[in-house]
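Chemist: So that we are looking at the same thing, I have put the structure below in structure tokens.
Quick note: the coordinates plus some simple rules give every number you see, no bench work behind them. What you see is a predicted model; the values in this text were computed from it and never measured. Cβ atoms come from the backbone with ideal geometry, glycine included; neighbour counts cover every protein chain shown.
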Amino acid sequence: MQNAFLRAAIFTVLLCAVYIYIGEVITEISGGAKTAATAAGVSAEAGETIFWGKGKCHTCHSLGEQGSAIRGPNLGVDGSRFPLPIGLRAEERAKELSQKTGKPMTAADYLVQTHFEPGAYVVTGYKNEMPPAWKPPINLKAEELLAVDLYLQSQGGEPNVGALTNSPYFGQMKKAAESRKAAPAEAFKPYLKGDPGKGQAIFFDPDSKAPCAKCHTVGDKGGKVGPELTNVAGTRDLPYIVQSILEPSAEIASGFEPYLVVTKGGEFISGVKKAEDEQSVTLADTEGALRKIPKNNIEKMVQQKKSVMPDNFRELLTVDEFHDLLAFLETLK
């Protein structure tokens, strides 16, 4: 009886081994490894949800005609400036970086590196201002960023989990994220606990000491002179927000640079450039008013280093009022 039982057990184990082997072969042939990754939540579809949701990528990037952000490059097709979607554009960027550094780089390497070390390559015409999405306040996990990269690969290309996970930058990012989780840095805290309700009133009241909504939009309210702040606390840490209020010229967001135009009649016009074509330039002043200036009437146009945003809020606001405003901005996630 025991021998019969033993023979049956051995037969069962061998049969299972055969099925496992056959399954692995079929998986390899059919691309099932990618399916397994998808089942674990890592997929282009998951990446799309993160891109337009938790990751808040759309606050700085557009994708073709979807989205309205201008601080970062359009990741879809955008006229002659970006004739290729990011899935194909990444291949060109990788070749460019390989030639520049003398080190081999794949398209997958480029995509992963843009999240791990965003400042490693900055597209011409933009600034090094993209926050590492694996750090606070965005705090995406390595697997979530992997899903986003699969979504970006799908824009003109073929999603490839293996190419992304085999990138040395993915391993470095995952290790760095795990190190931060094991030994988190002490969070920056404001001096006082402000009242977000009072801060909201300051923000939207056109007659307050800091009528931010004249230039900035939150939700569907506010002006278009400065960057939209609907999700500012979800993408920028508190020190950055404090600096933006007290020292607005320290870092001027891409697409919101101020210009000074001198007309042929000797008139000086300053504001944020909102549009430009072959015939004219349109500037927006601090009140949001638009001024369209014919190019044949422009003597000189110079980009300015000083932001159009007032830099005297430390004198205008009391300590309590400043912390109330900060408390409101912290709610914008």
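Chemist: Tell me, 188, 328, 256, 204 in order of fewest to most beta-carbon neighbours within 10 Å?
Modeler: Result, fewest neighbours first: 188, 204, 256, 328.
Chemist: Based on DSSP H runs of at least 4 residues, each adding -39500 (n - 2.57), what is the mean residue ellipticity at 222 nm of the chain after dividing by all its residues, to the nearest 500 deg cm²/dmol?
Modeler: Only helices count here, giving -13000 deg cm²/dmol.
Chemist: So, one more: Could you work out how far apart the two model spin labels at residue 78 and residue 143 are, taking each label as a point 7 Å from the Cα in the direction of the beta carbon, and quote it in nm?
Modeler: Spacing of the two 7 Å Cα→Cβ label points: 3.2 nm.
Chemist: Also, quick follow-up: If you take every residue apart from residue 76 with its C-beta less than 10 Å away from the C-beta of residue 76, what net charge results, scoring Lys and Arg +1 and Asp and Glu -1?
Modeler: Charge balance near residue 76 sits at -1.
Chemist: A further question on this structure: Under Stokes-Einstein, with the Kirkwood radius over Cα pairs standing in for Rh, what whole-number D in µm²/s applies to the range 33-182 at 10 °C and 1.306 mPa s?
Modeler: On the way: Rh = 15.5 Å.
This corresponds to a translational diffusion coefficient of 103 µm²/s.
Chemist: Please state the Cα pair-distance histogram of the chain with 20 angstrom bins from zero: what percent is in each bin?
Modeler: 25, 47, 20, 6, 2, 0
Chemist: Excluding residues on the same chain fewer than 8 positions from residue 295, give the lysines whose Cα lies under 18 Å from its Cα.
Modeler: Of all the lysines, those that pass the test against residue 295 - Cα under 18 Å, at least 8 places apart if same chain - are 264, 273, 274.
Chemist: Ok, one more. Give me 78, 205 ranked fewest to most by other Cβ atoms within 10 Å of their Cβ, as a rough exposure proxy.
Modeler: Going from least to most buried by this count: 205, 78.
Chemist: Treating the beta-carbon of each Lys and Arg as +1 and of each Asp and Glu as -1, no other charges, what is the dipole magnitude of the chain about its Cα centre, to the nearest 20 debye? Display every interim value, and only then the final one.
Modeler: Working: 37 positive and 40 negative charges, 88 e Å.
Using Cβ point charges on Lys, Arg, Asp and Glu, the chain gives about 420 debye.
Chemist: Something else about it: Can you work out ³J(HN,Hα) from phi for every residue in the range 48-53, in order, using Karplus 6.51 cos²θ - 1.76 cosθ + 1.60 and θ = phi - 60°, giving whole Hz and x for Gly and Pro?
Modeler: Along the range 48-53, the couplings run 4, 4, 5, 4, 8, x Hz.
Chemist: Still on this structure, please answer the following. Over all directions, the average projected area of the alpha-carbon convex hull for the range 257-333 comes to how many nm²?
Modeler: 7.0 nm²
Chemist: Moving on. Ranking request for peptides 191-201, 210-220: highest mean number of other beta-carbon atoms within 10 Å first, then the rest in descending order.
Modeler: So the peptides 191-201, 210-220, ranked by packing, come out 210-220, 191-201.
Chemist: Let me ask something additional. Can you list residues from other chains, or at least 5 along the same chain, whose modelled amide H is less than 5 Å from the amide H of residue 270?
Modeler: Hits under the 5 Å cutoff: 261.
Chemist: Give me a comma-separated list of calculated 3J(HN,Hα) values for the range 245-255, in order, Karplus coefficients 6.51, -1.76, 1.60 applied at θ = phi - 60°, integers in Hz, x for any Gly or Pro.
Modeler: 7, 8, 10, x, 8, 5, 8, 8, 4, 4, x
Chemist: How big is the Kirkwood radius of the range 258-303, worked out from every pair of different alpha carbons and given in Å to one decimal?
Modeler: After inverting the mean inverse Cα-Cα distance, the result is 10.3 Å.
Chemist: I want to verify the translational diffusion coefficient of the range 193-333 in µm²/s; compute it with Stokes-Einstein, Rh as the Kirkwood radius over Cα pairs, at 4 °C and 1.567 mPa s.
Modeler: My calculation gives 81 µm²/s for D.
Chemist: Can you put 167, 249, 62, 179 in order, fewest other beta carbons within 10 Å first?
Modeler: 179, 249, 62, 167
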